[in-house]
Amino acid sequence: MEKKELLYEGKAKKVFTTEDPDVLIVSYKDDATAFDGQKKGTIVGKGAINNRMTNHIFKLFGAEGVPTHLIEELNDRETAVKKVEIVPLEVIIRNFSAGSFAKKMGMEEGIQLKCPTLEFSYKNDDLHDPFINSYYALALDLATQEEIDTISKYAFKVNEVMRKYFASLGIELIDFKIEFGRYHGKIILADEVSPDTCRLWDKETHEKLDKDRFRRDLGNVEDAYEEVFRRLGIR
Ligand code: ADP
Ligand code: UDP
């Protein structure tokens, strides 16, 4: 599989077309951004870790009935994926309070919620990804009711699978963001799951093993990504 043209360069990945109109190649970068792109930096080795971690976990989802865009890992940083039309919703699931939720609700971080919760942001950089509900998504014609139902069902399933899996690695899944796309009329999971998009805390020490180390200048950023990668056992 060969890269043809650069279709899109995002903050964390480049996306290339291929000979096959249904197939893209994503190439994961070491670049990191936070706070709506205002903070920029590099996390050495991140691209390869995020690529390999995403593919490893997407395989678990496939086995649990959540279809994904994964076709084939090509090398450390690059993966062939099904080209989807991204549904412009950032789907966020939370198990514990953290980040913007903790701030909005006036809670400390790390409090277990009575049940997992789901929220949507409208994926729109110009508007800074505003928080919306499913009625907005319908009214703005971002997705149909049927799609929203499927996305929500898959998102909770993804949470169940990841929570259990990370727990077996001594990691608490605090929250995460995922994206879905349309592929020949069907909703499938796209984009990535990595320490860039999940909050992952050591179960015992509550040490942060994710991008919050970069966002909040906590130090040992590379070490945290490496530690998650090491626990996955896919080195
Ligand atoms: P951003 O666009 O937020 O800066 P990235 O750097 O991760 O993010 O860029 C990757 C882009 O590719 C994202 O906009 C994402 O929605 C999109 N994408 C992810 N998977 C697919 C796919 N299978 N088909 C088409 N687009 C995808
Ligand atoms: N997240 C993400 N991309 C975004 C916004 C959030 O991957 O553009 C992830 C983030 O890493 C965390 C979860 O979604 O795991 C919830 O983030 P939150 O809403 O608390 O926002 P933040 O505190 O990161 O601004």
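The values are calculated or read from the model by the stated rules, or taken from the named source; none is laboratory data. A quick note: this is a predicted structure, and the numbers were derived from the prediction, not measured. With ideal geometry, Cβ positions are generated from the backbone for all residues, glycine too; neighbour counts draw on all protein chains shown. Side chains are part of the model used for accessible areas, which takes the heavy atoms of the whole protein and leaves out ligands, DNA and RNA. Shrake-Rupley method; radii C 1.70, N 1.55, O 1.52, S 1.80 Å.
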| task | Let me have the 222 nm mean residue ellipticity of the chain computed from DSSP H runs of 4+ only, each contributing -39500 (n - 2.57), with the sum over all residues rounded to the nearest 500. | result | -9500 deg cm²/dmol
| note | Taking protein heavy atoms only, a 1.4 Å probe, and rounding to whole percent, the accessible area of the chain owed to carbon and sulfur comes out at 49
| request: Could you pull the Cα extents of region 134-235 along its three principal axes, largest to smallest, in whole Å? | output: 43, 27, 22
| request: Grab the beta carbon distance between L60 and L140, set R0 = 35 Å, and tell me the FRET efficiency rounded to 0.05. | output: 0.60
| field | region 89-163 shape via C-alpha gyration tensor axes, a/c threshold 1.5 | value | oblate
| field | Selection of trypsin sites (Lys or Arg not before Pro), region 1-104, meeting DSSP coil and at most 15 other Cβ within 10 Å | value | K4, K11
| field | Accessible area in square angstrom per residue, the chain, 1.4 angstrom probe | value | 50
| HN-Hα J in Hz across region 117-127 - Karplus 6.51, -1.76, 1.60, θ = phi - 60°, x for Gly and Pro | 10, 10, 9, 10, 10, 7, 6, 7, 4, 4, 9
| message | Need one number: the % of Cα-Cα pairs in the chain sitting beyond the 31 Å mark. | response | 17
| query | Hey, can you list the DSSP H helices of the chain whose Cα span along the axis is 27 Å or longer and whose average Kyte-Doolittle score is at least -1.0? | reply | 145-168
| request: Select from region 30-112 those GluC sites (Glu not before Pro) which occupy a DSSP coil region and have at most 16 other Cβ atoms within 10 Å, ordered by residue number. | output: E64, E108
| remark: Taking 0.36 nm per residue of separation between D22 and S100 and subtracting their Cα-Cα distance, the length gained on full extension comes to 24.5 nm
